[in-house]
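Beneath this line is the structure, given in structure tokens, with notes to follow.
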Amino acid sequence: MAYLPEAAPDAPPAKRGSKAQARHAASVDASEGWPPLAQCVRENMRAFPGCMLLTRVGGFYESYFDQAPTLASKISIKLAARRWNNQTVPMAGFPIHQLEKYLKVLVQDHGMLVAICEEFQQPSAADNSNVAFDRRVTRVVSPGTLIDERFLDPFTHNYILAISRSAGSYGLAWLDVSTADFATVNCQDDKSLRDEVARVRPREVVIQEGSFDIVDGERHIVWDTIENCGAVVSRVSGGDDTLLQGSPNASRVERDAISMLTAYLRTRLMEHMPDMRVDARPADSHVMRLDAHTLGALEVRETMRERSARGSLTSTIRRTVTHGGARLLQEWLTQPSMSVSLIRARHAIVELFLSQQHLRHDLRVILRHGAGDVLRTMQRIALRRGDIQDMLEIRDFAGTVDRVMALLRQDMKSGPGWDELADLTDKFQSISGLCERLSEAIDERVIEKRLQRQEALLQSADDALAGGALVGSEETPRKRVPKKGPASLVIEEPLWGDDIEHLIRPSAASTLKTSTNEHTKLRREARQLENALRSSIGDAVTLRFLLGQGHVVHVPSTHKELPESFLEHATLSYKTKTTRTFYLAEWTRIGQRMQKLEASIAKKEGEYLRLLRDQVIAHAPVIRRNARLLEQLDVLLGFAQAAEELRLVRPVVDESACLEIRGGRHLGVELGLLEQHRMFTKNDVKFSEPERMHLVTGPNMGGKSTFLRQTAIIAILAQAGSFVPADAAHIGLVDRVFSRVGAKDDLFHSRSTFMVEMMETSEILRRATSRSLVIADEIGRGTNTSVGLSIAYATLHTLACKNKCRTLFATHYHELADMLGYSSDNTALDGAVAFYCTTLETLPGGHVHYAHQVRPGVNRESHGLQVAQLADMPPETVALAEHTHKWLLRHESARLSQVPFISHTEYQ
Ligand code: ADP
């Protein structure tokens, strides 16, 4: 049954999420017999199709009609019902402080869009007696428009990416709403579009309404691209150029993407759109390209099998101490530099930090404790979601920048490493003026006190829920004021006991000072009045403010007889067995005056806070620049730390075609082996003109794939600016790493493993340049032997003679060596190809073990039978395999159909 009736035919279309809309909803409502809340919900459900609508009702977010069962099942809460307009309407809801927890489930885990409808008390109804509300959707939360939700992964960017197209090229614009990291790029073809999207790894992709539709039954490549990156797809119509600012040389198609992205953000962030324009970072086009497959195969961001960050290259090498640093590290590892001077500068700084242990230690301590996640903090402020604590974070950050600068200045020398470090740190700009202003203005102790109180309140709300929740109950309407008696609402602290709590120190704002002085005077008067009452009535008498009563004199029943002089001026307000409360004109006057002053102080504090916020926003460009510099410092300090802990060495990087690694290791495999108390065998690799291809043969599990991957990873680390896991390394710049390892079926697109393998191989052959590094494992495995061998040979030949790239080619087909013309000097094709192998050694006693050492030569043994034995295959099966193999060797031309039948009895 559908619970959502059609809109009244004469209802004018309401503006999305506007006040007008909510009010309109309330007015048509009466004629239809639905209460205002129900009408508002129905309107919003229509205005925000495809979104789960959460409507704030008092202390709860609630969902009604058709959406309630979905909400209840997705977040596992009780489904309830209520009567509206003589119908039973399903409903489900949860307390407001659980919003984040459930947004995570809905948005992050299920990729849903959630429209949040807030309620705003109408000014006329401020007295709580006849409560009336404006309700409007203030934001639609989608996976790519998270702002500051606690479930945001601090170690990676949360990008939303817009893709536009014009005449065969694509414009990409992507933004992390939580940090304002924004960049654009122009992709000239489908392949580079796919690689760029894989590198950005957006959570949400925005495309123009109606674009990239299926034409002639063919899906557009964009769909494959989006599917592969796992993002949610959203559509937008129109454009908007008011927020994001592309670089001056951005292309037309990039600008289209930017304006689409802004238009889309407006439909999602709504009242939370940032307060300032965001500029694109200058795109660095001089970077090593890593395609989607390579990023996955080398486990740069996450492991292949579990798809978890743990065990990935990023997490193995990461020693950063700030969130921003962790995000930048991932960026550097996914697009290593191609600039020799930049790479060398990074290496020089890492070397310096490696040798200057104390400096490294001190800087990391300062960053860990003072840098915060300032880009996210700045965004909260810009999106008007920031609070006073965010101001304090900005203050701490500003202080951190000063401390870092002071420490470096005090130690700074000139010489290798120092000069490069100075180039970086000279760009810091002190914002100590802002830091001082914030320190002087904000009283941190008050914030702490308030936080503690807030936590206690939340705790008690949780406790209350645990002991009988209101969620999903049918009570209507929900009471905003608890029904308990007035005596239970005593605010225990006497209002004049302590100094008034100022978030903003009165010394910072003159207007506050006057009000505070007056408040202090009144407090003194109140204390005098209370003392006078105590001396005439008794010590337990107090002046209080009680909800429901107001300003009263609180008298415990121990004081039975009250003096006439008091009763003459006092009026009884409330009486219980244990207490009586009285109104006393004098206290009412003082109390009300104090209350007014407090309200005015709070207002002035709010105004002052807005002023501070504007000042912080005015400093945003400097704060952001400093933040990015600190991130760089953090990554470089982390590289030095990793170099020390993981025994990494400084590589030589130049523009040669050389690639030489002595004693190379694969960090991930090495750490895995260490946990099992096993040793990793180091290996060497050396390409130098004319030798640019190694054919690596050897048994399964012999370490070929590890050897290939470690070589590529070392090149990536070196060009990212890190030291590398080797005894020595010399890397001639690599413009792209291609890998064809670990192909999987792509059943979704009906592509077999072999098809995927061929597609990847053809891409390498078409795109690899003489600067590229190719690692290829088992090309030609997925088809019959002669075809597979032929494809492998042709691929090798093309790579060695046409692409002329550096290639590590691992294979089972030792025949390839002969086909290439393997000669006694271990080379072929005029020295372009050299041959290496891993082996399986037989130990005394018949045991076999893998020697993971890569040696010159060709391994003509497949060792398949020994591997089967090692894998604990039943002995009779291994014996049968051995028998068959011998027969096949005797009849070289034999076809499988001619394999003799070996009867079970004969076999036994
Ligand atoms: P292949 O590609 O030849 O089948 P892999 O590279 O997948 O072999 O390696 C298989 C296993 O051998 C790894 O998981 C690891 O445990 C071990 N291994 C690989 N290389 C080494 C090495 N250099 N030193 C020690 N163990 C290694």
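The values are calculated or read from the model by the stated rules, or taken from the named source; none is laboratory data. In this text the structure is predicted, and so the values were computed from the model without any measurement. Here Cβ is always computed from backbone atoms with ideal geometry, including for glycine, and neighbour counts include all displayed protein chains.
Okay, here's what the table says:
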read-out: Hits in segment 534-564 - residues which are at pLDDT 85 or above and hydroxyl-bearing (S, T, Y); value: S535, S536, T542
read-out: The lone exception for E607 - which of (1) more than 16 Å from the ligand (Cβ to nearest atom); (2) part of a helix (DSSP H, G or I); (3) closer than 30 Å to T322 by Cβ it fails; value: (3)
read-out: Test set (1) within 16 Å of the ligand (Cβ to nearest atom); (2) at pLDDT 85 or above; (3) surrounded by fewer than 17 Cβ atoms within 10 Å (Cβ to Cβ) - E841 fails condition number; value: (2)
read-out: Tally, over segment 710-724, of residues that are in contact with a strand residue (DSSP E or B) (Cβ under 7 Å, 6 or more places away or on another chain) and within 16 Å of the ligand (Cβ to nearest atom); value: 5
read-out: Residue match in segment 54-62 (condition: in contact with a Gly (Cβ under 6 Å, 6 or more places away or on another chain), modelled with pLDDT of 90 or more and among the charged types (D, E, K, R)); value: yes
read-out: Neighbours by Cβ (under 9 Å, 6+ apart or cross-chain): first from segment 411-426, in a helix (DSSP H, G or I); second of a type in the set (S, T, N, Q); value: D411/Q356; A422/S414; L424/Q632
read-out: Hey, R327 over 21 Å from E644 (Cα atoms), surrounded by fewer than 21 Cβ atoms within 10 Å (Cβ to Cβ) and not assigned by TED's automatic domain parsing to the domain that holds D275 or not; value: no
read-out: Residue list for segment 68-103, restricted to those being under 29 Å from the mean Cα position of the chain (by Cα) and not hydrophobic (A, V, I, L, M, F, W, C); value: T70, S73, K74, S76, G93, P95, H97, Q98, E100, K101, Y102
read-out: Pairs where the first residue, in segment 628-650, is among the acidic types (D, E) and the second is outside any helix (DSSP H, G or I) and buried (at least 24 other Cβ atoms within 10 Å of the Cβ), C-beta under 6 Å, 6+ apart; value: D634/T320; D634/T322
read-out: Selection status of V205, touching a Leu at 6+ places or on another chain (Cβ under 6 Å), within 19 Å of V140 (Cβ to Cβ) and either in contact (Cβ under 8 Å) with a residue 60 or more places away in the chain or of a type outside the set (G, A, S) (or both); value: yes
read-out: Lone qualifier among L71, L79, L113, L53 - being within 26 Å of T377 (Cα to Cα), of a type in the set (A, V, I, L, M, F, W, C) and touching a residue at least 12 places away in the same chain (Cβ under 8 Å); value: L113
read-out: Residue list for segment 165-176, filter: in contact with a strand residue (DSSP E or B) (Cβ under 7 Å, 6 or more places away or on another chain) and under 15 Å from L261 (Cβ atoms); value: Y170, G171, L172, A173, W174, L175, D176
read-out: Filter pass, L870 being in contact with a helix residue (DSSP H, G or I) (Cβ under 8 Å, 6 or more places away or on another chain) and surrounded by fewer than 23 Cβ atoms within 10 Å (Cβ to Cβ); value: no
read-out: Which listed residue is surrounded by fewer than 23 Cβ atoms within 10 Å (Cβ to Cβ), in contact (Cβ under 8 Å) with a residue 40 or more places away in the chain and part of a loop (DSSP other than H, G, I, E, B), from R319, R310; value: R319
read-out: Sole residue being crowded, with 17+ Cβ neighbours inside 10 Å and closer than 25 Å to D213 by Cα, chosen from A280, A263, A250, A297; value: A263
read-out: Residue within segment 284-298 that is touching a strand residue (DSSP E or B) at 6+ places or on another chain (Cβ under 8 Å), farther than 30 Å from L667 by Cα and touching a residue at least 60 places away in the same chain (Cβ under 8 Å) present; value: no
read-out: Residue match in segment 466-488 (condition: modelled with pLDDT of 50 or more, in a helix (DSSP H, G or I) and surrounded by 15 or more Cβ atoms within 10 Å (Cβ to Cβ)); value: no
read-out: Strands (runs of 3 or more DSSP E) wholly inside segment 619-707 that include at least 3 residues being over 30 Å from M391 (Cβ atoms) and away from the ligand (no atom under 16 Å from the Cβ); value: 652-654
read-out: From F748, F738, residue being more than 16 Å from the ligand (Cβ to nearest atom), modelled with pLDDT under 90 and among the hydrophobic types (A, V, I, L, M, F, W, C); value: F748
read-out: Tabulated pairs, segment 574-603, first assigned by TED's automatic domain parsing to the domain that holds L562, second acidic (D, E), C-beta under 8 angstrom, 6+ apart or interchain; value: I590/E525; L597/E518
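Table: residues versus (1) in contact with an Asp or Glu (Cβ under 9 Å, 6 or more places away or on another chain); (2) closer than 25 Å to E455 by Cβ.
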position	(1), (2)
T55	yes, no
F60	no, yes
S63	no, no
K74	yes, no
A81	yes, no
N85	yes, no
M91	yes, no
H97	yes, yes
